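This report concerns only the one structure given below.
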């Protein structure tokens, strides 16, 4: 199994907040695509000493590595277009159920 994390920016590159409707659509698509997700926290940090960047972290647990990786890459590209971003950080790590 893998735990995948999506660090979704909540602001456009110019600092304006991303509309709540777009964030809600991301949640809906995650649920439709992967069946479940967790949103454990939001985080803010200073970027380039000028502006604060706020993100929401979404976590997904997957069982099929190859399919999940392909779907996440496609999802990332859709997000970058929908929320005009240079990039969106996604990480993945192997987990074991106990």
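Descriptive notes on the structure:
- By the equivalent-ellipsoid construction on the alpha carbon gyration tensor, the chain comes out with semi-axes of 24, 15, 12 Å, ordered largest to smallest.
- Extension gain, residue 27 back to residue 81 (0.36 nm per residue minus Cα-Cα distance, nm): 17.8 nm
- Per-pair calculated FRET efficiency, R0 = 25 Å: residue 38 and residue 70 via Cβ, rounded to 0.05: 0.70
- With Cα atoms, 0 to 90° folded angle of helix 65-82 axis to the chain main axis: 20 degrees
Computed from the coordinates by the stated procedures, all read-outs in this text should not be read as laboratory data. Note that the coordinates shown come from a computational prediction; the quantities given were computed from them, not determined experimentally. Positions of Cβ are generated from backbone atoms using ideal geometry, with glycine treated the same way; all protein chains shown enter the neighbour counts.
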